[in-house]
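Trainee: The structure's right below; bear with me while I get my questions together.
Throughout, read-outs are computed from the coordinates displayed, never taken from laboratory work. Nothing here was measured: the structure is a model prediction, and the numbers come from that model. So basically every Cβ, Gly included, is an ideal-geometry build from the backbone, and we count neighbours across all protein chains shown.
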Amino acid sequence: MSYKFTEEQLMIQSMVRDLARSEFAPKAMERDKTKEFPVDNLQKLGELGLMGMMVPPEYGGSGADTVSYVLALAEIAYACASTAVVMSVHNSIVCESIMRNGSEDQKQKYLKRMATGEIIGAFALTEPNAGSDPVRQTTKAVFDGNSYILNGTKRFTTTGKNAGLTIVTAKTDEEARHKGISAFLVEQGTPGLTVGPLEDKMGLRASDTADLIFEDCRIPAENRLGNEGDGFLIAMTGLDGGRIGIAAQSVGVAQAAFDAAVQYTREREQFGQSISKFQGLRWIVADMATEIEAARLMMLSAAEMKDHGENFTLQASMAKLFASEMVNRITAKAIQLHGGYGFTKEYPVERFYRDARVFTIYEGTSEIQRVVISNQIFKDKRNP
Ligand code: CAA
């Protein structure tokens, strides 16, 4: 690709590629079966500064830019998509939200430990009856003395069981619509917080996805993130960054499926020759490569806009929409190119297909991305 990377960006990409392909990839198939949480991988990422990639060095992070981050994340997703989603939510939503909205005490207390990977972050916005429409959430936080008392249930929380710290949103004012939502930093093991049964998922099986149940769960007032009423904005801004992360996960898994398909079509012989000689299949491969390249450039463009301090909401949603839809097409084609073998667990492409399925759903469905994109278009008065 013609994109001009810095030496540092290329160095990070190459370091993460070596690590992910040599250490994470060989264990990914087994993890998919056992659903074992990738603690070992995450520990390694922490040691290398990849769990606080965009956190400044004064808080123990690497101070890297978003372009380096998406390059790294795509490499992790190439090898183990379950590890990638944990890394993505932790870095792009949780660390970034604390960085942007946290008090100095919160940064000292939590961000430093998160940046080293000592504790992993989760983000609990979704509820059983409030997914695409988080303003309708019903979890309540009532101010009482020097604390808030939380009651309600959060659903589909990535890393809900294993996270040391979760950003939880809750209503502090019933009447105020999105301005009545606040965000709280909730530590693992806080009395009144119970982790529900883990979801038995189609893909990303080694990443835990859980309900979090709050029953008179008392959170110190100093653990409120931002001001009362800032919760929706914190969530939306966090998701803008998170959506670039999903684009990166999509690019990584698509590249893995593509490489596997190219290798297979080269080696597989039918009708007396390598099936890669058949034009019908070559054109499928050509289309796959083109789509991945387009998604990669969209991902990088959104990341670069974020690094330049520009408003990147539109580009993040476009990158997420295109890349997540793209990887679903690519993984399906990779299975097709493998023929019957692609449908078996002997080859990794069926796992790539299952892992990629949620990318058009979490952190805002494709339909929600289209809402965000069209809202941005019509909001911009420069558009005719
Ligand atoms: N940046 C800054 N401000 C934003 C914003 C953004 N990205 N998005 C919205 N806002 C602001 C609006 O400008 C508006 O501001 P005002 O106070 O001036 O009115 C306010 O927020 C309300 O916005 P809307 O009226 O557009 O809100 P809405 O209720 O119509 O919802 C939505 C908009 C885009 C549909 C939003 O609800 C949305 O993104 N929904 C999807 C939620 C989602 O992605 N959930 C996934 C959860 S996480 C997950 O998947 C699992 C995990 O573990 C990571």
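Trainee: Calculate, for Ala25 and Ser366, the FRET efficiency according to 1/(1 + (r/R0)^6) with r their C-beta to C-beta distance and R0 25 Å; round to the nearest 0.05.
Mentor: 0.35
Trainee: Compare Arg268, Arg370, Arg224 in a GNM of the chain, Cα atoms joined below 10 Å, and give the one with the largest fluctuation.
Mentor: Taking springs between Cα atoms under 10 Å, the residue moving most is Arg268.
Trainee: For segment 275-384, which GluC sites (Glu not before Pro) are in a loop by DSSP, counting at most 16 other Cβ atoms within 10 Å?
Mentor: When the GluC sites (Glu not before Pro) of segment 275-384 are filtered for loop state and at most 16 Cβ neighbours within 10 Å, Glu310, Glu346 remain.
Trainee: Arrange the following residues from fewest to most other Cβ atoms within 10 Å of their Cβ: Lys320, Lys379.
Mentor: Ranking Lys320, Lys379 by Cβ neighbours within 10 Å, fewest first, gives Lys379, Lys320.
Trainee: With n ≥ 4 as the cut-off for DSSP H runs, can you work out [θ] at 222 nm for the chain, using -39500 (n - 2.57) per run divided by the number of residues, rounded to the nearest 500?
Mentor: Per the formula, -15000 deg cm²/dmol.
Trainee: A follow-up question, please. Where the convex hull is taken over the Cα atoms of segment 1-96, what is its projected area averaged over directions, in nm²?
Mentor: Reported value for the Cα convex hull: 6.2 nm².
Trainee: According to the Kirkwood expression over distinct Cα-Cα pairs, how big is the hydrodynamic radius of the chain, in Å?
Mentor: After inverting the pairwise mean of 1/r, the radius is 21.2 Å.
Trainee: I've got another one for you. Straight-line reach only, C-alpha to C-alpha below 23 angstrom: list the lysines that Lys201 could link to, leaving out same-chain residues fewer than 8 apart.
Mentor: Once the sequence-local lysines are set aside, what remains near Lys201 is Lys27, Lys33, Lys35, Lys154, Lys161, Lys320, Lys333, Lys345.
Trainee: What does the C-alpha gyration tensor say about the overall shape of segment 181-305? Classify as rounded when a/c is under 1.5, otherwise prolate if a/b is larger than b/c, or oblate.
Mentor: Oblate, since a/c reaches 1.5 and b/c is not below a/b.
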